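First up is the structure itself, then whatever we jot down about it.
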Amino acid sequence: MNDAFPAAVPVFLQGAALGGSLIVAIGAQNAFVLRQGLRREHVGPIVAFCALADVALIAAGVLGLGQALGERPGLARALALGGALFLAAYAWRALRRALHTESLQAAPGGAPMALGAALAQAVAFTVLNPHVYLDTVLLVGSIGAQQPPALRGAFIGGAGTASALWFGALGYGARWLAPVFARPRAWQVLDGLIGATMALLAALLLREALA
């Protein structure tokens, strides 16, 4: 037991470094958490779900699901097509919001999103985003699976901790930007960037699916 703890520390840190380097990339999930944080709507449940989902996917990858998905290119192609359609639809909605300043509010008010609807979108951004599987299940999972069985839990814990810290900082730290986004123009810029990012990701996923 005493020997296992020192050995687990570098493995934990390796998982945290790898998970952190991947989770901070701009993507649909991060953009959604950022927007909810700016609106201060259901931040806790959204952050908790995204962090727990990352831990579950990382654990599944480390425990062998990554290899199973890697051996099924047809499933990967189907996920890419579904994700491209979902991201394209969200891009269209974000770009449409950018054209209507009266519907964008930085503080709670107006017509807030229900908790069920917010969680449903968080689930969709996680389940229908192939990049989530590529990063957490295939990449992180394949590296974590190379660790000795006794140390895989430390690797999963490190990567999961990085995800939890990032989503927490993104969701709760966004409120410090609320004064900036009290201006409709700032929301227009944010939604424009989100829409452009989603459209680019959708095009890349579609290219991967048709390649």
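Just so you know, all these numbers are worked out from the coordinates, no wet-lab data involved. Predicted, not measured: the structure shown is a model, and the values here were computed from it. When we count neighbours, we look across all protein chains shown, and the Cβ atoms used for this are built from the backbone with ideal geometry, even at glycine.
For the peptides 36-43, 133-140, the ranking by packing is 133-140, 36-43, with the highest mean count of neighbouring Cβ atoms within 10 Å listed first.
Which order results if Arg35, Arg152 are arranged by neighbouring Cβ count within 10 Å, fewest first? All intermediate terms of the calculation are to be shown ahead of the outcome.
Numbers: Arg35 23, Arg152 19.
Going from least to most buried by this count: Arg152, Arg35.
When peptides 84-91, 184-191, 144-151 are ranked by their average number of other Cβ atoms within 10 Å per residue, the highest-first order is 84-91, 184-191, 144-151.
Rounded, prolate or oblate: which one fits region 113-211, using the alpha carbon gyration tensor with axes a ≥ b ≥ c (rounded when a/c is under 1.5, else prolate when a/b beats b/c, else oblate)? Cα axes put region 113-211 in the oblate bin. Charge tally for Gly61 (other residues, Cβ to Cβ under 12 Å; Lys, Arg +1; Asp, Glu -1): -1.
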